[in-house]
Amino acid sequence: MKKIYGSAAEALDGVLSDGMLIAAGGFGLCGIPELLLEAIKENGAKNLTFASNNAGVDDFGIGILLQTRQVKKMISSYVGENAEFMRQYLSGELELEFNPQGTLAERMRAGGCGIPGFYTKTGVGTAIAEGKESKMFNGEEYILEEGLFADLSIVKAWKADDTGNLIFRKTARNFNPPAAMCGKVCVAEVEEIVPRGSLDPDHIHLPGIYVHRIIQGEHEKRIEQRTTRKREA
Amino acid sequence: MPWDRNQMAARAAEELEDGMYVNLGIGIPTLVANYVGDKDITLQSENGMLGMGPFPYEGEEDPDLINAGKQTITELSRTAYFDSAMSFGMIRGGKIAAAILGAMEVAENGDLANWMIPGKLVKGMGGAMDLVAGVGRVIVVMDHTSKHGDSKVLKECTLPLTGKGVVDRIITNLGVLDVVEGGLKIVECADGVSEEELRAATEATIV
């Protein structure tokens, strides 16, 4: 099966439609599928729900799809860096479901592993627990959280081989593997596609079984907070 | 004189023991890293890293290498990277010995509020709820009172909770308190702060 596509638009053809639940990798602006997000903007698909830890900034990441009103709902743990997001949310145009960060990551992982629900201590006794089933294990209370099953996953990796085996780089791995796992179809954008056999099988972070389509492209990789230290003289 | 930010961070660093894996929150907790001295401490960044190093030198920033506060950082010889599900797996699984984090309010039963103020802009809880529910020991570092002079160490939190009964120790500019049966116990007062002053600034029951 051929997994390599010529462009982000081609890779989304036939797998993107209105009203979908899309799981997106990335943390802040690090390791986000920036080319695929741009292609979703060009495509114009509407009423999308995104499960993504953050919502980008106004002009980068998921933020660009908020500008075009393509997003109906966000499932996120932190959305602080996006003024347009706040405007749409406060005016009721955009739905928001807060998930604790680890709960969101585990919901994706669980979805990808065929686990429809799991119990966690995270959020017990807080607003997050409201309306959720709870259960005692060994004298401690846990709440039931549901696995997340996305229609489409979009992720960013460093390298792929042509069978879809992925390698990520440093903290740009973040939500990408769990996001990739939980989708019916996963499209990955990478910096480099190499022939099969060039990646050490022991060093694959995400096996190609989870990855259906791959594109290669140039990434801006914007830095959100540039912090440095002085060189000692 | 109450402790300043750096003195609070230095005091919090005394909580850390050789060999610990630790998660530091944003703000004063970040400064704790400057005071660990010779202790062998591994810092976790919950986006997916163990062995967090200092900020990079100018020109050496790597967009693929950031901490949970989205700041550019560096790796160390001990560093390991992993995905966010595994990262919170080790947090939820109790593998992280301690988290040091800031707070808006703490109550005498260990309740912690640090993620939202109703009616104000809500940014989200990030990983705070997972951390306080999962790590071995939760140490809060914060000012004892608000800028209006109201106690932040309360009988009951007024703000929405981040975690229920999760705090073990509170380090403020006025001293150190432990959450114990029936209320808070004074562990020590900041240099030059009397026990009376500490009690007067505390709404919570001191036992």
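Confirm whether residue A:141 is touching a strand residue (DSSP E or B) at 6+ places or on another chain (Cβ under 6 Å), within 13 Å of chain B (Cβ to nearest Cβ) and of a type in the set (Asp, Glu).
yes
Find the strands (runs of 3 or more DSSP E) located wholly in region A:7-87 whose residues include 2 or more that are touching a Phe, Trp or Tyr at 6+ places or on another chain (Cβ under 8 Å) and surrounded by 23 or more Cβ atoms within 10 Å (Cβ to Cβ), and list them.
Those strands (runs of 3 or more DSSP E) span A:21-24, A:71-76.
Here is a check on your reading of the model: is residue A:121 in contact with a helix residue (DSSP H, G or I) (Cβ under 9 Å, 6 or more places away or on another chain), farther than 16 Å from residue B:83 by Cβ and either basic (Lys, Arg) or surrounded by fewer than 14 Cβ atoms within 10 Å (Cβ to Cβ) (or both)?
So residue A:121 fits the description; yes.
Being under 18 Å from the mean Cα position of the chain (by Cα), acidic (Asp, Glu) and within 13 Å of another protein chain (Cβ to nearest Cβ) is the filter here; which residues of region A:185-233 pass it?
Within region A:185-233, A:191, A:220, A:224 qualify.
Identify the residue in region B:56-84 that is farther than 21 Å from residue A:232 by Cβ and of a type in the set (Val, Ile, Thr) and, among all such residues, is farthest from the other protein chains (Cβ to nearest Cβ).
Across region B:56-84, the extreme among qualifying residues is B:79.
Residues that are of a type in the set (S, T, N, Q) and away from every other protein chain (no Cβ under 14 Å): list the strands (runs of 3 or more DSSP E) wholly contained in region B:85-203 that include at least 1 such residues.
B:169-172
What is the number of the single condition among (1) farther than 25 Å from residue B:130 by Cβ; (2) within 13 Å of the chain's Cα centre (by Cα); (3) part of a strand (DSSP E or B) that residue B:23 does not meet?
If we test residue B:23 against (1) farther than 25 Å from residue B:130 by Cβ; (2) within 13 Å of the chain's Cα centre (by Cα); (3) part of a strand (DSSP E or B), just (1) comes out false.
Restricting the first residue to region B:87-109 and requiring it to be among the hydroxyl-bearing types (Ser, Thr, Tyr), which pairs with a second residue that is at pLDDT 95 or above meet a Cβ separation below 8 Å and a spacing of at least six or different chains?
Listed pairs, sorted by first residue: B:87/A:102; B:87/A:105; B:87/B:44; B:87/B:46; B:87/B:47; B:87/B:48; B:87/B:49.
The values are calculated or read from the model by the stated rules, or taken from the named source; none is laboratory data. Please read all numbers here as calculations on a predicted model, not as lab measurements. Using ideal geometry, Cβ is built from the backbone for each residue, glycine included, and neighbour counts are taken over all protein chains shown.
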